[in-house]
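For reference, the structure is listed below as structure tokens.
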């Protein structure tokens, strides 16, 4: 199972649009792909909602795709809260992850991806070397989640192919 995590809880986000794009592409390779949006999810405590999320999306997953916007030179706190309130051994140990960074600026959340890489390595997660930085995201994907640039589409397809082989 592959779980794609849209790493923000903001509504109508470019992050969720991008995550849906990855969902579509990965679904062409596997029929066991799931999309987890953190919008309206109660992950700030280890309560019934978090346990249900773990059971449905995290524990059964063998691979994860983290789609993460840049928040203050890192990634959103809601994503870190979800990780911190999960059962680390059951959810993360010895699994695989692919990282996609988004920003409205020039760096594509480079710092956030490096921060997440360090956290994932600490949790014994194997991280795909091909990390995609999507800068100026509003120029890359339209409001309907359609890619606007063929070069970006090619990079995403290559990353997905690498992830499938990973």
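If you go through region 136-146 one residue at a time, do you hit one that is more than 20 Å from residue 15 (Cα to Cα) and either buried (at least 21 other Cβ atoms within 10 Å of the Cβ) or in contact with a helix residue (DSSP H, G or I) (Cβ under 6 Å, 6 or more places away or on another chain) (or both)?
There is no residue in region 136-146 that is more than 20 Å from residue 15 (Cα to Cα) and either buried (at least 21 other Cβ atoms within 10 Å of the Cβ) or in contact with a helix residue (DSSP H, G or I) (Cβ under 6 Å, 6 or more places away or on another chain) (or both).
Just checking, how many residues over region 135-162 are touching a strand residue (DSSP E or B) at 6+ places or on another chain (Cβ under 7 Å), touching a residue at least 60 places away in the same chain (Cβ under 8 Å) and part of a helix (DSSP H, G or I)?
Final tally of qualifying residues: 3.
Since every read-out is calculated from the coordinates, none of them should be taken as a lab result. Note that the structure is a prediction, hence the values are computed from the model and not measured. FYI the Cβ positions are ideal-geometry reconstructions off the backbone, even for glycines, and counts take in every protein chain you see.
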